[in-house]
Every structure is written in structure tokens, then in C-alpha cells.
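S.K.: Quick one: structure below, then a few questions.
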């Protein structure tokens, strides 16, 4: 890769960190606002579900638009929309008003992620090694932003609570970060100018069974982020019930994203997980056990450990899905990453929606048991998909080499 592309790729990674810090901080702020307005568990679930639904619907369309009109324009639209949503949220006076603004924030975010993910391949190459390396680092960076986001909101809200301005301070700060994101996107090159060496050119052919592995990964993405949506949208209410303050709720929610960072670090420094089943299955079964343990969790350490393992379970299929969506592709990357993000968001949408109903009518811990069951079902569906696969033996690359 030529140095200029490495520089612009690094800027894109910084933007990914900032974007997910903004989104996760904003999502936590919506939850804290809903709690401050005395929202029910079901209403708090809807705050996460409505945003995710809009994001899911828009992602394929926004991804295709980035293929046609450019990655930069798409990501700038996202930043401006988020800035407006969070600024208006600082002045909201009810759960219903916050819910309306989640429509704008969810729709705006859809213009960022499919474009940014495809932009990585534009700038860094589509060969197996280069793509695996760049996507691994990209995943570490954005998941670190998710980790920091709820902590930032927790401390901003607590800082402003004494003066009764927690909502204003948190949302205005997040809106200012969204404006900074727009400036950063304007500094990134539209297209790559890198040339891959012969070694990279030889490994840019998709695996014969890529579509099968991709479908199985999509199932895992849905299930892992179904649980993640429940943690983000419904644990703050459970935490409040247990007597945890805003800072503790933010720290515990971030444990899920610490698990994602750990998984993405593993996928960054080893490519042996590519076109293999067991890493995904092992992570998902561990996540199911961790979520089921929430039924008995009593202290912060137990919640943190369970959320960490759930983050591992969500990270493994995510890394696989994104890699299989882009490896060796030369056209329509934005549309494919849009499908990847739409499936992710459908999990984040349905988790809080169904989980919020269970929390309202059964118990605040019931949604986590549901999320565990969804992961177990996902493993069964994946095994059925893999059992009908064709192509090279597991772990073999398209040119016959072992990965």
C-alpha cells in the first residue's frame, strides 16, 4: 500500500472510533433520558428498537447509494444528521420526543457504516491477508469506541445532574463530536490508489463456499446483536432497580464491548478463523451460557463477566460476516455491507422490542434468558446451513492453501 493510502486509511479508522463513540454515547443518553422521564421498561426497549429498525431498513439503500454517489458524501450526511438529532435531544421533554429523535439518529447512522466498511476495501485492498488485517484493526477501533461511549455518557450525566443539566450537557457534547466527525470525513481520500503485490493478488479470489459461510455468519450476527441490544437498552433499567448509579450502569454496559474488542483483537492477529466453523460456534455457546447466568447474577462483577463473554459471542460472527462480504469483491461492496449491517440492526431492533415486553410483564431478567435461547437456536441453524455446504474442505483457501 502506498503511504498516502495508509494515512487516509488511518483517518478512516479514527472516524470509525469516533462514530461508534458518538452512537453508543447517544444510545446510552437516550436510555438515561428515558429513565429521567420515568419511562417504563417497554418504553426504554422501544428507544433502542426504533433506532435499530430505522437503521436496518435504511442500510441496504444507503449502502447502495454510497456505491453510486461516493463514500464521503454518505458519511457526511450521517454526521450532520446525528448532530441535529442529538442537539434536539438535549431539549426533549418526554420519552415520546426522545423516541421520535431516535428515528433521525438511526436513519442517519445507516449512511455511515456500509459506506465506511466498503471504503476500507477501496483504500486498503481486497486480498485475503490485507482485508483480514485491515478489517481486524477496523473492528478493534470501532468496538473500542463502543466501549468508551456509555462510560462517557455516564460521567457526563452524573456531572450535570447536580445542576439539573445532565441531559443538556450529555447530548450537546455528543452533537459537537458529530460535527467533528463531518470535518474528519472531508479529509479522507475518496478512492484508493494502492497497488497490491503479487502475493495479495493471488489471494483475492473468494472461497468456493463463501456464500454458505456468509449465510451462517449472518445468523450469528443477528443472534449476537440481539443480546447486545438487550444489554444496551434494558440493563440500565435493571441496574437502576439494583441501585447502580449512571456511572456504574455505563461501565457495566461497556463490558459487552470490551468482549468485542477482545474477539476482534484475536481475529486481527490470526487468520486461522477464516472459513472455519468452530470459533463461531464456541463463542456463541459461551455467550448463551453467560446470558443465562444473568438470571442468578447478584453483583457488578458477575454482570461484567457475563456481558464480556456475550461481547465475544457477538464479535466472532460479525468479523466473519464482514470479511466474507468483502473478500475478493470488486463491485457492490456498499450494498453487501449494507445487508450485513441490516441483519445486525434487525437483532438490535427485535432484542429490545421483545425483551422490553418480557421485562414489563415477567421480570427485568427475563430478556437475558431469551437472548441466551436465541444464541442456541442460531447455532442449530448454522449447523444446518453448514451441513449442506459445498466446495473446499474447511479451512482451505480458494487456491488450496491452508488458512
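The values are calculated or read from the model by the stated rules, or taken from the named source; none is laboratory data. Being a predicted model, the structure only gives us computed values, none of them experimental. All Cβ positions, even for glycine, are placed from backbone atoms using ideal geometry, and neighbour counts span all protein chains on display.
S.K.: Please give the number of the condition residue 135 fails out of (1) at pLDDT below 85; (2) within 23 Å of the chain's Cα centre (by Cα); (3) more than 24 Å from residue 19 (Cα to Cα).
M.R.: Here residue 135 clears every test but (3).
S.K.: Then there is this: Here are 161, 93: which of them is at pLDDT 90 or above and over 30 Å from residue 8 (Cβ atoms)? Outline the logic, then answer.
M.R.: On the way: 161 fails: at pLDDT 90 or above.
93 is the lone residue from the list that is at pLDDT 90 or above and over 30 Å from residue 8 (Cβ atoms).
S.K.: So for the range 64-71 (the condition being within 21 Å of the chain's Cα centre (by Cα), part of a helix (DSSP H, G or I) and within 15 Å of residue 186 (Cβ to Cβ)), does at least one residue qualify?
M.R.: Within the range 64-71 (the criterion being within 21 Å of the chain's Cα centre (by Cα), part of a helix (DSSP H, G or I) and within 15 Å of residue 186 (Cβ to Cβ)), the answer is yes, since at least one residue qualifies.
S.K.: Check the range 205-214 and report whether any residue there is within 23 Å of the chain's Cα centre (by Cα) and at pLDDT 90 or above.
M.R.: no
S.K.: Residue check, residue 217 against (1) under 30 Å from residue 5 (Cβ atoms); (2) at pLDDT 90 or above; (3) surrounded by fewer than 23 Cβ atoms within 10 Å (Cβ to Cβ), all met but one. Which one?
M.R.: (3)
S.K.: To continue, here is another question. Go through the range 239-253 and count every residue that is within 18 Å of residue 45 (Cα to Cα) and touching a helix residue (DSSP H, G or I) at 6+ places or on another chain (Cβ under 8 Å).
M.R.: 7
S.K.: Quick check: anything in the range 74-88 under 17 Å from the mean Cα position of the chain (by Cα) and at pLDDT below 90?
M.R.: no
S.K.: Related question: Condition first: closer than 15 Å to residue 232 by Cβ and within 19 Å of the chain's Cα centre (by Cα). Can you find one or more residues in the range 321-342 that meet it? Spell out the reasoning first.
M.R.: Restricting attention to the range 321-342, the residues satisfying the condition of being closer than 15 Å to residue 232 by Cβ are none.
For the range 321-342, residues closer than 15 Å to residue 232 by Cβ and within 19 Å of the chain's Cα centre (by Cα): absent.
S.K.: Of 302, 248, 263, which residue is over 22 Å from residue 349 (Cβ atoms), at pLDDT 90 or above and crowded, with 21+ Cβ neighbours inside 10 Å?
M.R.: Numbers: 302 fails: crowded, with 21+ Cβ neighbours inside 10 Å; 248 fails: crowded, with 21+ Cβ neighbours inside 10 Å.
Within the list 302, 248, 263, the selection yields 263.
S.K.: How many residues does the range 1-38 hold that are under 24 Å from residue 161 (Cα atoms) and surrounded by 22 or more Cβ atoms within 10 Å (Cβ to Cβ)? Steps first, please.
M.R.: Residues of the range 1-38 that are under 24 Å from residue 161 (Cα atoms), as a first pass: 21-38.
After this cut, where a residue has to be surrounded by 22 or more Cβ atoms within 10 Å (Cβ to Cβ) as well, the list is 21-34.
So the answer is 14.
S.K.: If you don't mind, another one. Filter the range 164-200 for residues that are modelled with pLDDT under 80 and either surrounded by fewer than 17 Cβ atoms within 10 Å (Cβ to Cβ) or part of a helix (DSSP H, G or I) (or both) and give the result. Break it down into steps so the answer makes sense when it comes.
M.R.: Residues of the range 164-200 modelled with pLDDT under 80: 189-200.
Correct list: 190, 191, 193, 195, 197, 198, 199, 200.
S.K.: Could you list, in sequence order, all residues of the range 157-168 that are in contact with a helix residue (DSSP H, G or I) (Cβ under 6 Å, 6 or more places away or on another chain) and in contact (Cβ under 8 Å) with a residue 60 or more places away in the chain?
M.R.: 157, 158, 166, 167 - these are the residues of the range 157-168 that are in contact with a helix residue (DSSP H, G or I) (Cβ under 6 Å, 6 or more places away or on another chain) and in contact (Cβ under 8 Å) with a residue 60 or more places away in the chain.
S.K.: Answer with yes or no whether residue 349 is more than 28 Å from residue 54 (Cβ to Cβ), crowded, with 22+ Cβ neighbours inside 10 Å and in contact with a helix residue (DSSP H, G or I) (Cβ under 6 Å, 6 or more places away or on another chain). Before the answer, list the steps.
M.R.: Values: more than 28 Å from residue 54 (Cβ to Cβ): no; crowded, with 22+ Cβ neighbours inside 10 Å: yes; in contact with a helix residue (DSSP H, G or I) (Cβ under 6 Å, 6 or more places away or on another chain): yes.
Here the answer is no, as residue 349 does not meet what is asked.
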